[in-house]
Amino acid sequence: MGSRNAFTGFGLYINILLGIFLLGSSFAGFSQTGGVEKWPVRPIKMVIPFSAGGPLDHLARKIGQKLTDALGANVVIDNRAGANGIIGSDHVAKSLADGYTMLFMTGSFTANPALYKKLPFDPIKDFIPVTQVGRSYGLVLVINNSFSVQSLKDLIALSKTRTGQLNYASGGQGNLTHLAGELFNHLANIQMLHIPYKGSGPAMTDVLAKQVDMTFVSTVGSIQAIKEKRVIPMAISSSIRVPTLPEVPTFTELGFKEMEQIYGWYGIWYPTGTPADRVEKVQNIVQQFLKHPDIKTHFDEIGLIPVGSSSSEFAQFITEDIMHQNKLFKIAKVAAQ
């Protein structure tokens, strides 16, 4: 009888322990979804997978400051350059999905699956698209001012007399600026040498320093140098002339309509598993920020078009753009590595 009571008491003890464990698990799960746990309570890391100083870096810091103001927690910029954005993207993909690590990336996100046969992450399964921040009118082809050419026609003629001698810098192997150069090589039937850099900022710096001949760059990354005549603009890959650079002709005007396919865009991602309420909160802040008239004016000045899409809209865009990039790489004859 005493042993039965002892056994019953032990069973009751086990049931109590099990109940405490299950209750604790329930509360832990509840806090992970943001139901109890306050967020954010510490700095948020915004990973930029390119070098500091480029167009992406400038825009990300502006968005990061707005998020800091709205969330009440510092958004810290973390530049992790290399492999056309793959190193920084992989870091985010493998980060804890708690809302404290996000990716701010260019259109290289959808180009990399076309350029590389194997990536260390799945761009669809390992990320949650938050919002597409904006897109550019296109890329400007600029050459350093040591050249005497003043038009695209003159540049093509010079390239044909110096086959394989002229070069262009890009933001990295497979970067949009690389794709632009190879597509232009193909369309103009010329052979400019490709020199990859770890980001568009360093590429533009060496063009200004006359270490390389030319580069394709966003308007935000070139407008000041163009106005100061430190570089010579040849053409822009837009369907229309850009309001802030009305003197720069489009490639379409000059007979290269296919170059309209070249334009940059910027977006924000979280690693898969990030609580939906945190994704939605960041998306709403950025979307409202982009609607402000002052931001529209600022974007016009730097040659960007604000977007501020929903998570689902951005996800659909990414899926479609991956297919588009595959086609573009084939046209430009850039083989997957």
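From the alpha carbon centroid of the stretch 177-241 to that of the stretch 281-314 is 26 Å. If a spin label sat at a point 7 angstrom from the Cα of Ala70 along the line to its beta carbon, the backbone N atoms of the stretch 264-298 nearer than 11 Å would be those of 280-292. Taking the Cα-to-Cβ direction at Ile305 and at Lys117 and moving 7 Å from each Cα, how far apart do the two end points lie in nm? The two pseudo-label positions are separated by 3.7 nm.
Ranking Val92, Phe147, Leu56 by Cα position along the charge dipole of the chain, where only Lys, Arg, Asp and Glu carry charges on their C-beta atoms, puts Val92 farthest toward the positive end. Applying the Karplus relation 6.51 cos²θ - 1.76 cosθ + 1.60 with θ = phi - 60° to the stretch 68-78 yields 3J(HN,Hα) values of 4, 5, 7, 8, x, 9, 5, 9, 9, 7, 10 Hz, where x marks Gly and Pro. At full extension, Thr272 and Glu253 could sit 2.5 nm farther apart than now, given 0.36 nm per residue minus the alpha carbon distance. Put simply, the amide H of Leu193, placed in the peptide plane, has neighbours under 5 Å in Leu166, Asn167, Tyr168, leaving out anything fewer than 5 places away on its chain. Is the shape of the stretch 222-337 best called rounded, prolate or oblate, per the rule: a/c under 1.5 gives rounded, else a/b larger than b/c gives prolate, else oblate, with a ≥ b ≥ c the square roots of the Cα gyration tensor eigenvalues? It is oblate, given that a/c is not under 1.5 and a/b is not larger than b/c.
Against the empirical curve 2.2 N^0.38 Å, the C-alpha radius of gyration of the stretch 139-261 lands at a ratio of 0.93. So which of Lys229/Lys257; Lys38/Lys198; Lys38/Lys62 end up more than 28 Å apart by C-alpha? Table pairs above 28 Å Cα-Cα are Lys38/Lys198. Site pair Lys210 and His298 shows an inter-label distance of 3.6 nm when each label is modelled 7 Å from Cα along Cα→Cβ. Set the Förster distance to 35 Å, then compute FRET efficiency between Glu260 and Ser146 from the Cβ-Cβ distance, nearest 0.05. Efficiency, rounded to the nearest 0.05: 0.75. How far apart, in nanometres, would the label points at Asn284 and Arg61 be if each is projected 7 angstrom from Cα along the Cα-to-Cβ direction? According to this spin-label approximation, the distance is 3.0 nm. Annotation: Cα Rg of the chain relative to the compact-globule expectation 2.2 N^0.38 Å equals 1.24. Which residues does the label zone of Ile124 cover in the stretch 322-337, counting backbone N under 11 Å from a point 7 Å along Cα→Cβ? Residues 322-323 fall inside that zone. Neighbour counts of C-beta atoms inside 10 Å place Ser170, Ser148 in the sequence Ser148, Ser170, starting with the fewest.
No lab work stands behind these numbers, since they all come straight from the coordinates. It should be emphasised that the depicted structure is a prediction, and the values quoted were computed from it without experimental measurement. Note: ideal-geometry Cβ built from the backbone for every residue, glycine included; neighbour counts use all protein chains shown.
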